[in-house]
Amino acid sequence: MEISRRGFLKMSGAIGSGAALSTLGLDLTALKAHAAGLTKMDRLRTASQATSICCYCSVGCGLICSTDKLTGKIINVEGDPDHPISEGSLCAKGAGIFGLSEVNDKRLRKVLYRAPKSDRWEEKNWDWTLKRIARLVKDSRDKNFITRNDKGQLVNRLESIGHYGTSNILSEECWTLVVALRAMGLVYIDHQARI
Ligand code: SF4
């Protein structure tokens with residue numbers, strides 16, 4: 001490619017934007033990523049910072065949440081090096097917590113239901129959803145209460161439903177939940193913090 005002196009000077013002026021380099025066929029991906037990194041560092045330097053705790057398990061690792069002062073929106077979450085327990089480290093769940101914030105526009109915000117054998121999702125409200133869950137639990141209990149004890153009596157055991165608990169709830173809430181699940185006959189009850 002031949003470039004005239006005039007063209008070269010013009011192009012040099014535009015080098016800051018990267019537009020000229022890309023016309024030469026240079027791959028600017030790394031340069032753009034570096035520029036984006038610098039922009040993020042600048043935004044972080046001027047952001048408001050607040051400490052918090054990872055909600056996922058009882059380790060309770062420390063987080064630093066940065067909020068853009070101009071927009072009021074969260075722009076970063078990372079481990080808190082001053083936290084006495086985690087000292088800045090986070091496991092994969094904690095490290096991905098930023099993806100749960102409003103910045104992720106793919107988060108589920110409404111109930112989506114796909115009927116058996118259907119290939120499309122339907123939007124439902126919570127009233128419909130809770131009734132549907134209650135109906136299915138009742139049907140499952142009616143149909144699957146089949147275990148009998150030594151005396152031939154039907155026992156309260158429901159093996160067709162499992163429950164996987166969240167660590168976003170407190171010990172007291174966990175206790176209440178387990179009591180309710182056991183009362184319904186569930187035996188397969190687990191909790192994500194165990195993993
Ligand atoms: S889920 Fe991971 S990051 Fe969160 S508190 Fe537990 S160990 Fe820490």
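Values quoted throughout were computed directly from the atomic coordinates according to the rules given, and no laboratory measurement underlies them. Everything numeric in this text was worked out from a predicted model, so none of it was measured. Quick reminder, even Gly has a Cβ in these numbers, built from the backbone with ideal geometry, and neighbours come from all protein chains shown.
Taking Cβ atoms as reference points and 15 Å as the exclusive limit, the residues near Val103 contribute a net charge of +2, counting Lys and Arg as +1 and Asp and Glu as -1. Between Tyr113 and Leu70, the modelled labels are 4.4 nm apart [label points 7 Å from Cα along Cα→Cβ]. Packing here is the average count of other Cβ atoms within 10 Å per residue, and on that basis the peptides 130-137, 54-61, 174-181, highest first, run 54-61, 174-181, 130-137. Taking a straight line from the alpha carbon of Lys32, these aspartates and glutamates sit under 20 Å away, with near neighbours fewer than eight places off in the same chain left out: Asp42.
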